[in-house]
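Have a look at the structure below, then the notes.
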Amino acid sequence: MTLIHAQSVTKRFGGVYALHGADFSAEAKEVHALLGENGAGKSTFIQILTGALRPDSGNLLLKAQPYSPRNPLEAQAAGVSAVFQELSLIPDLSIAQNIWFCREPRSIWRTISTRTLGRMTEELFFRYQFPTLRPDRLIRSLSLGERQIVEVAKALSRNPDALILDEATSAMPRRETEWLLGLVERLARSGKLVIFISHRLAEVRAIVDRITVFRNGATVATYESRSVSDDQIISDMLGRRLDRLYPHRHIAKRGPIALAIRGLSCDRRLTDVHLTVHAGEIMGISGLQGHGQRELFLSLFGATKSEGEIELWGKKVHIASPYRALRGTNPVALVPEDRRGQGLLLARSIGENLTLAVMRHFARFGFLNTRREEKLCTDISRVLNVKYHGFDQAVGTLSGGNQQKVVFGKMLLTKAKILLLYDPTRGVDVGTKGEIFQLMRKLASDGYAILFYSSDLSEISNVADRVAVLQRGRVVAVLSGEDVVEPVILRWAMSGIDNAN
Amino acid sequence: MLTSAVSRSDKSTTKIMSIPHGERLRIHLMNQVAVLMACTMFGVLVVIYSSFRGGVFSLYELNTDAATTVPLLLAAAGQTIVLLRGGIDLSIGGVISLTTVLAATRFPGNDWSMACWIVAVVAIGGLAGAANGLLISLLRLQPFLVTLATWSMLAGTALIILPTDGGHIPDGWTTAGNLTAVGLSTPVWILILLGLFWCWFSRTRLGLAIRATGSAEKSAFLSGVSLPMIDISTYCLSGVFAALSGLFLVTQTATGSPTVGNDYILPTVAAAVIGGVSLFGGRGSLFGTILGAAILTVIGNLVFALQISSFWQPVASGVVLLIAVLGSSLAERSANREGI
């Protein structure tokens, strides 16, 4: 049975077509992937399906009935629920309060019972076999991955006919991702439609029945997942054949030791870490999620308190704050995990974002020299291939990939030669990912030292020269050469953990 | 994949039960650092106070202190709701002044027509608040500036009606504010009612939605909260509480004052913050504010008992406020660390 049918949907923002004749058809009992580069119109289409936007023209049918939700609530009432990349949870409420928010059952006194909500939540978790989460925990105390799990629970609590997962796995560690993929299969088997949007092609291939590819706001093709090759999908997404996602790993000459870490510890989450990184190399940091990767990056950037010795280019330093990290004689720059919250001022312009960290270079007598600023921004944006209208454009209006490029630009302008890249490709489309890897390789061969963490293991194994594997805050192995492959990394990351449990 | 998911979740269901109770308690306490600090400060202050004066733990002391605290506390209750929404309400000063002035000039001796006037005065407070909410949500204006403007307008109106302190409060009404039942005076009963109100209100959908909207406006909106509805009811409640505060105040002063409300604006914010209410919205409770108001009262009493200049009272209040702000910022940091 065709559940959702969309025909020649068009949506324009100003003079730009976000969608231009998009067709889409999906049935109950299937997992349907929607793929496309950033800016291909996926998000716009999903927003139309969920009532966040209204189309300019086109036909939408839900269960063969005309369907035009005016807001997300109408869409949910009609049976379409979505889990968005932009999380919609309230940090100061508990998990249970968030899941049933605005729909709580009430007593005769019109009050909400915490116990009832907790029980309903546990029932919901049990029914869909959710991982352990106490219903009374506050959202602010959860990791990004856990929050995404709660988002999924919230969407399922409305018992929708169609569930849309927009990059729902982007912040999830491997175990939770596996759980979610299992859940998606079970949901489809029980008669629901799951529309799945992800940048991780491998993940998509494992579970979906059909794939629809969008490009430049229009539908390119819909095919059975079994009968199509990865190359076909990628070339349809890009409109050209992607040369190579990962750059060649030529054995660059290793320069001097740029970064030496001795006995670094941080708040029980990082214990006695020893590590050296040379100029010209990309050092991958891997491990299961939450085993100290984040603390390592934050300590090196001075964003969290730590003990131990850090040497930059042979000189012992004490990095007390990000200010010191950026302005020391040997600056260190970070691409943070959450670019919206930590890396960018979304409401400010591209130019302001780029130069925020290095304003003093453009200032004379306390005033900014805007002409020099603009010239440097133009140069850096050309290098990075950022797509924009003008420097006064707010960063929040750029696509995810382009936002990440602005973060990179900001970092490069700091003149730091030691770069800490924490999951720099999260929520970034395939095309931009390739560009980011090329850039990293080029920077390394220019003598930069790069520390690279990714939640996608295949990126680490394909990009890094060496890989340090963290487990419970300790470096359990530093792999190089032929050992830099997924199975070896994973074995080290999990070694000892199964036994301990 | 399916089977592995099943077995894993079975394991995790048992895990729910096995979370150590101590850990749970520790996290809970961490979240309550600000309130715990307010409790400690209150305890310390009371102990110091009782060492200077006898009879501190008497019903008489409770009744008199409640009478001093309740005008501030009623206004602070409204302010707490506004702060939880992430706003601020300066106009309560104007509402309190206007209420006392109306009571002093318009209240008749007749009980029934006075009851009508009381309802009217509360409605005026509610309407003024609703107007604040309307301006803030529909025109998307800053709460600080909107309520600054309405404060000025209301305070001006009060001055037009009664240019200087004076007027007369009917005896019927002053008596109502100073009754005693079961050994407890009217203000103590108001305190109890306020506590009951909060037990109920914080568990209603509106109470939860106000706190949620203060915590994350956009998320609340996406979950189906009507922002204008929230803002109008928040500021309307604040106006109603300010009017109640003014109505109780005149039973103690027996006179109308067109400027008295101005002295309450910032102390309401101070009481809430000392009690652990976040200025950024989303966190805190009226019980904290009650504690905060009580601390401010004890400081006043202490200054009086020490027989030093009353100008020391704001100095001491400021110190306590600083300690409270420090406490909530520590709580904030620990909460963020828990988040990792």
Can you give me the C-alpha center-to-center distance between the stretch A:265-293 and the stretch A:416-453, rounded to a whole angstrom? 17 Å
If you average the sequence gap of Cα pairs under 8 Å that are 6 or more apart and divide by the length of the stretch A:257-500, what percent do you get for the contact order? 29 percent
So for the stretch B:48-161, taking the charge dipole from beta-carbon charges (+1 Lys/Arg, -1 Asp/Glu), which of B:156, B:76, B:142 sits furthest toward the positive end? B:142
Describe numerically, in nm with one decimal, the distance between label points set 7 Å from Cα along Cα→Cβ at residue B:123 and at residue A:134. 4.9 nm
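Among DSSP beta bridges whose residues both lie in the protein assembly as shown, state the antiparallel percentage, nearest 5.
Details: 50 of 83 bridges.
Roughly 60 percent of the DSSP beta bridges within the protein assembly as shown come out antiparallel.
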Would you please calculate the Kirkwood hydrodynamic radius of the stretch A:257-500 over all C-alpha pairs and express it in Å, rounded to one decimal? 18.5 Å
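Compute, for the protein assembly as shown, the length of the dipole vector about the Cα centre, with Cβ point charges of +1 (Lys, Arg) and -1 (Asp, Glu) only. Units Debye, rounded to 20. List each step's numbers first, then the result.
Details: 82 positive and 65 negative charges, 276 e Å.
My answer is approximately 1320 debye.
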Sorted from largest down, give the three principal axis spans of the alpha carbons of chain B, whole angstrom values. 80, 53, 37
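What shape does the stretch B:38-181 take by its C-alpha gyration tensor, where a ≥ b ≥ c are the square roots of the eigenvalues and a/c under 1.5 counts as rounded, a/b above b/c as prolate, and the rest as oblate? Walk me through the intermediate numbers first.
Working: a/c = 2.39, a/b = 1.24, b/c = 1.93.
Oblate is the answer for the stretch B:38-181, as a/c is 1.5 or above yet b/c matches or exceeds a/b.
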Give me the distance in nm between label points sitting 7 Å out from Cα along the Cα-to-Cβ direction at residue A:316 and residue A:108, one decimal. 7.4 nm
Leading residue at positive end of dipole, the stretch A:257-500 (Cβ point charges), from A:283, A:370, A:300: A:370
When the Karplus curve 6.51 cos²θ - 1.76 cosθ + 1.60 is applied with θ = phi - 60°, which whole-Hz ³J(HN,Hα) does each residue of the stretch A:347-355 get, with x for Gly and Pro? 7, 8, 6, 4, x, 4, 5, 4, 9
Comparing B:220, B:104, B:181, which has the greatest mean-square fluctuation in the GNM of chain B with Cα pairs linked when under 10 Å apart? B:181
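Can you tell me the dipole magnitude for the stretch A:2-238 around its Cα centre, using point charges on the Cβ only (Lys, Arg +1; Asp, Glu -1), in Debye to the nearest 20? Walk me through the numbers on the way to the answer.
Working: 29 positive and 26 negative charges, 163 e Å.
Taking the Cα centre of the stretch A:2-238 as origin, the dipole is about 780 debye.
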Normalised contact order of chain A, rounded percent, pairs of Cα under 8 Å and 6 or more residues apart: 15 percent
Each label sits 7 Å from Cα toward the beta-carbon; between residue B:266 and residue B:36 the label points are separated, in nm, by 3.1 nm
Alpha-carbon centroids, the stretch A:3-66 and the stretch B:103-178: separation in whole Å: 53 Å
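Tally Lys and Arg at +1 and Asp and Glu at -1 over the other residues with C-beta under 11 Å from the C-beta of residue A:114: what net charge comes out? List each step's numbers first, then the result.
Details: positive: A:115, A:119, B:203; negative: A:104, A:136.
Taking every Cβ under 11 Å from that of residue A:114, the sum is +1.
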Would you work out which of B:226, B:195, B:90 lies farthest towards the positive end of the dipole of the stretch B:33-329, given +1 charges on the beta-carbon of Lys and Arg and -1 on that of Asp and Glu, about the Cα centre? B:226
Summed over the other residues with a beta carbon less than 12 angstrom from that of residue A:492, with K and R at +1 and D and E at -1, the charge totals 0
Exposure-ranked with fewest Cβ neighbours within 10 Å first, B:255, B:234 stand as B:255, B:234
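Counting pairs of alpha carbon atoms under 8 Å apart in space and at least six apart in sequence, what relative contact order in percent does chain B give?
Working: 527 pairs, mean separation 112.8, N = 340.
Dividing the mean separation by the residue count of chain B yields 33 percent.
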If each residue of separation counts as 0.36 nm, what is the full-extension length gain between residue A:29 and residue A:257 once their alpha-carbon separation is subtracted? 76.5 nm
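With charges only on Cβ, +1 for K and R and -1 for D and E, what is the dipole size of chain B about its Cα centre, in debye, rounded to 20? The partial results should precede the final answer.
Working: 16 positive and 13 negative charges, 250 e Å.
With only Lys, Arg, Asp and Glu charged at Cβ, the dipole is about 1200 debye.
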Can you list the aspartates and glutamates whose alpha carbon sits under 14 Å from that of residue A:253, skipping same-chain ones fewer than 8 residues off? A:281, A:446, A:465
Which of the trypsin sites (Lys or Arg not before Pro) across the stretch B:59-147 are loop residues per DSSP, with 16 or fewer other Cβ within 10 Å? B:140
Within the protein assembly as shown, helix-based [θ] at 222 nm, where runs of 4 or more DSSP H residues each add -39,500 (n - 2.57), nearest 500: -16000 deg cm²/dmol
FRET efficiency, 1/(1 + (r/R0)^6) with R0 25 Å, evaluated for residue A:415 and residue A:378 via beta carbons: 0.90
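Mean Kyte-Doolittle of at least 0.5 and a Cα length of 30 Å or more along the axis: which whole DSSP H helices of chain B meet both? Can you show the working numbers first?
Working: long enough: B:59-84 (34 Å, 1.09); B:111-138 (40 Å, 1.59); B:227-253 (39 Å, 1.29); B:312-338 (39 Å, 0.53).
Membrane-span-like by this rule: B:59-84, B:111-138, B:227-253, B:312-338.
Values in this text are rule-based calculations from the coordinates and carry no lab data. None of these values were measured; they are calculated from a predicted model. We place every Cβ from the backbone using ideal geometry, glycine too, and count neighbours over all the protein chains shown.
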